[in-house]
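Have a look at the structure below, then the notes.
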Amino acid sequence: MQKIIKTPKWMRKSISRFFQYLVLVIATILIFVPIVILLFGSVKTTGQMYSHPYDIPNPPHWENIINILLTPSFWGMMKNSLIVMVATTTGAVIISSMVAFVLARLEFRGKNFVFNLFTLGLMFPINVAILPVYFVLRQFTQLGLPLIDTLLGIVLVQIAFQLSGNIMILKGFFTAVPKELQDAAYIDGCTNFDFFWRIMLPLVKPSLAAVAALVMIVSWNDLLVPLVVLNNNELWTLPLGTMQFQGQWGQDLALVSAFVALSSIPTIVFYFFAEKQIVAGLTAGAVKG
Amino acid sequence: MKSLPAVSGKSKAIKVSEAPHRKKDTFFIFLFLLPALILFLLFVIYPIFRSVYYSTFNWNGLGPAVKNVGINNYLKIVSDEVFLKAVKNVLVIIVCSLGIQLPLAMLLAVLVGRDLPGRGIFRTIFFLPYVLSEVNAAIMWMLLYNADPDRGLFNGILLQLHMQPISWLGDMSIVLFAVFLVLTWKYFGFHMLLFLTGLQNIPTDIEEAARMDGANAFQNFFYITLPLLSSPIRTSVYMSVLGSIQQFIIVWVMTGGGPVNASETMATYMYRFGLVRFQFGYGSAVAIIMFLLCVIFSLIYNQLTKKPDYLTGL
């Protein structure tokens, strides 16, 4: 009834588009503020940081960056983080896909129990569990399997707490593969293992990549587990090293900025290459979870 | 069918119509479940029971736990003002997350929408903070929050505006909100992503039809879009609450729970007693309380929100 003469559609549309972009651009700027200030700080001298704390570094000084890059301990942390990440990701993806496969494609007694057991893990995040986990790691260490102050301890705990989520995600993908394929494979004499290894895994490769990307991010960024497990600074991972570095050099804002910028770069580069996988993994996980 | 017997002896047992269940399957299944079960039982389930046991002791971790105090640790915790403060802070974070962070994420998701040119770029940018490590995020923001106006951006801006500088992380009445701002910056992208994915699943013709019937943009959003997004919203709220209950790293790095416990969360409280002061019994009891809160919340929430999903019919 109220169809009065309105502004033409294209005009309304472009006005609304304008405001859409306006808000989004403002949000973008706000998101970038801490990152840009950090990057600016990373190429300043301590003196510049005092006199012009948040200006564009002019001229940029790369001394702090270079000094950190020339420090062996920085590369040691990088190496430790890399070892943990690769081991956790490999372990978590293989072990979870085995369980997910069995839960999705085979029938057995106690299947519901196993499934429910792993769902329980979704309600019990590592941040809540860290102290109990520490006890168990200590116990193992006393029994002769050193899990305190070893990278192995970190890897095992990270895998254990990644299992539930990964199993739920992968089970969904394994279930989606048509039943006929399984029947055909078994008729052709495939064993369970053949079917899993030669047919299922290649089929769900994109999903495996998504899960792997997610685990990599979580493992690489994890501070809590290394913080609790490690004492020996030779074994520190990058996030733990960053926290300790901030504790030690916190007053030298330029130096801290340089360190944090350098330790952020691997994550950012990885994100730009694997954004699709990370996003796919997260949304699948959230829908299942 | 003719080819069946030719394959090998084992194909006899195969029933084409249902998943094969054979004797040797049992061994295979056992083998495939074993590594996960071992890790899961040892590092996720067993520690819970271990903690329940320790939580009844007054134990500093040296030697065996002998001094059983029954439920005394629990009584002490729930009457400790600092713990109650931590619970209150967590509640504030939950309320702010649900009231500010999620609506903000929704707003941005709707603005990015389905067909905006360049939407991919915005999505990439908005999600970037989520993938940065929590330590790095915390330190970045500490630079901005630096109380010295000559060093911290925020106070620099206040000074430009001829206002008094604020001790962002040192003022008991401000610190929690300063922390919350960082949490929002870090996590809103995750919720936005969920909403965006949900939006993409809504067929455009529903909204188109409503618009034809005279619904304006707001009616369209509140009566059509929002109800259709109930599934991602449900997930978002769940993740947000669980995430708030266990909030640790960002608070620990930025404030350590201070000043004077003003930004204490349950997780920082547990960490301090359990792993800094080595009061293992007491810390265990805190862990068990947090664990129960998580489980109770999960169960109630899942029960309450078991509503049909309009789009998938689930």
Checklist entry - Exactly one of (1) within 30 Å of B:Gly258 (Cβ to Cβ); (2) away from chain A (no Cβ under 13 Å); (3) exposed (fewer than 13 other Cβ atoms within 10 Å of the Cβ) is unmet by B:Asp205. Its number? => result (1)
Checklist outcome for this item: Picked from the stretch B:269-303 (must be free of Cβ contacts under 8 Å to residues at least 24 places away in the same chain and small (Gly, Ala, Ser)), the residue farthest from B:Ile77 (Cα to Cα) is B:Gly274
Checklist entry - Do you know which residues across the stretch A:257-289 are closer than 30 Å to A:Ile68 by Cα, buried (at least 17 other Cβ atoms within 10 Å of the Cβ) and among the β-branched types (Val, Ile, Thr)? => result A:Val260, A:Thr267, A:Ile278
Item to check | Pairs where the first residue, in the stretch B:174-202, is within 13 Å of A:Val279 (Cβ to Cβ) and the second is of a type in the set (Phe, Trp, Tyr) and part of a helix (DSSP H, G or I), C-beta under 7 Å, 6+ apart | outcome: B:Gly189/B:Phe126; B:Gly189/B:Phe127; B:Gly189/B:Tyr130; B:Phe190/B:Tyr130; B:Met192/B:Phe126; B:Leu193/B:Phe127
Checklist entry - modelled with pLDDT under 95 and either under 30 Å from A:Ile154 (Cβ atoms) or of a type in the set (Ser, Thr, Tyr) (or both), is that true of A:Ala87? => result no
Checklist entry - Would you pick out the residues in the stretch B:177-189 that are among the aliphatic types (A, V, I, L, M), surrounded by 21 or more Cβ atoms within 10 Å (Cβ to Cβ) and more than 9 Å from every other protein chain (Cβ to nearest Cβ)? => result B:Ala178, B:Val179, B:Leu183
Checklist outcome for this item: Cβ pairs under 6 Å, 6+ apart or interchain, first in the stretch A:101-126 and more than 7 Å from chain B (Cβ to nearest Cβ), second part of a loop (DSSP other than H, G, I, E, B) and surrounded by fewer than 18 Cβ atoms within 10 Å (Cβ to Cβ), ordered by first then second residue, are A:Leu122/A:Gly289
Checklist entry - If we scan the stretch A:164-185, do we find a residue that is more than 9 Å from chain B (Cβ to nearest Cβ), surrounded by 23 or more Cβ atoms within 10 Å (Cβ to Cβ) and of a type in the set (Ser, Thr, Tyr)? => result no
Checklist outcome for this item: Scanning the stretch A:186-209 residue by residue, those among the aliphatic types (A, V, I, L, M), crowded, with 17+ Cβ neighbours inside 10 Å and at the interface with another protein chain (Cβ under 8 Å from one of its Cβ atoms) turn out to be none
Checklist entry - Could you give every pair whose Cβ atoms fall below 8 Å, whose first residue belongs to the stretch B:87-104 and is within 14 Å of B:Ala178 (Cα to Cα), and whose second residue is charged (D, E, K, R), counting only separations of at least 6 or pairs across chains? => result B:Asn89/B:Glu264
Checklist entry - Which helices (runs of 4 or more DSSP H) does the stretch B:33-112 wholly contain that include 1 or more residues that are within 14 Å of chain A (Cβ to nearest Cβ) and surrounded by fewer than 16 Cβ atoms within 10 Å (Cβ to Cβ)? => result B:46-54, B:102-112
Checklist outcome for this item: Subset of the stretch B:128-167, residues within 22 Å of the chain's Cα centre (by Cα) and more than 7 Å from chain A (Cβ to nearest Cβ), comes to B:Tyr130, B:Ala137, B:Ala138
Next on the checklist: Just checking: which of the helices (runs of 4 or more DSSP H) contained wholly in the stretch A:1-103 hold 3 or more residues that are among the hydrophobic types (A, V, I, L, M, F, W, C) and surrounded by fewer than 13 Cβ atoms within 10 Å (Cβ to Cβ)?
Outcome noted: A:9-42
Next on the checklist: Of the residues A:Ile66, A:Ile94, only one is more than 10 Å from chain B (Cβ to nearest Cβ) and hydrophobic (A, V, I, L, M, F, W, C); which?
Outcome noted: A:Ile66
Item to check | Residue, modelled with the highest pLDDT, within the stretch B:257-298, restricted to residues that are at positive phi and touching a helix residue (DSSP H, G or I) at 6+ places or on another chain (Cβ under 7 Å) | outcome: B:Asn261
Checklist entry - Among (1) under 30 Å from B:Leu299 (Cβ atoms); (2) buried (at least 22 other Cβ atoms within 10 Å of the Cβ), which single condition is A:Ala254 missing? => result (1)
Next on the checklist: Here's a check for you: in the stretch B:113-124, which residue that is surrounded by fewer than 19 Cβ atoms within 10 Å (Cβ to Cβ) and within 7 Å of chain A (Cβ to nearest Cβ) is nearest to B:Ile250 (Cα to Cα)?
Outcome noted: B:Thr124
Next on the checklist: Condition first: more than 21 Å from the chain's Cα centre (by Cα) and part of a helix (DSSP H, G or I). Now tell me which residues in the stretch B:114-124 satisfy that.
Outcome noted: B:Arg119, B:Gly120, B:Ile121, B:Phe122
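Let's see how each residue does on (1) more than 17 Å from A:Val84 (Cβ to Cβ); (2) within 23 Å of the chain's Cα centre (by Cα):
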| residue | (1), (2) |
| --- | --- |
| A:Asp183 | yes, no |
| A:Asp222 | no, yes |
| A:Leu255 | yes, no |
| A:Ile265 | yes, yes |
| A:Leu282 | yes, yes |
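The values are calculated or read from the model by the stated rules, or taken from the named source; none is laboratory data. Not measured: the values here are computed from a predicted model. We place every Cβ from the backbone using ideal geometry, glycine too, and count neighbours over all the protein chains shown.
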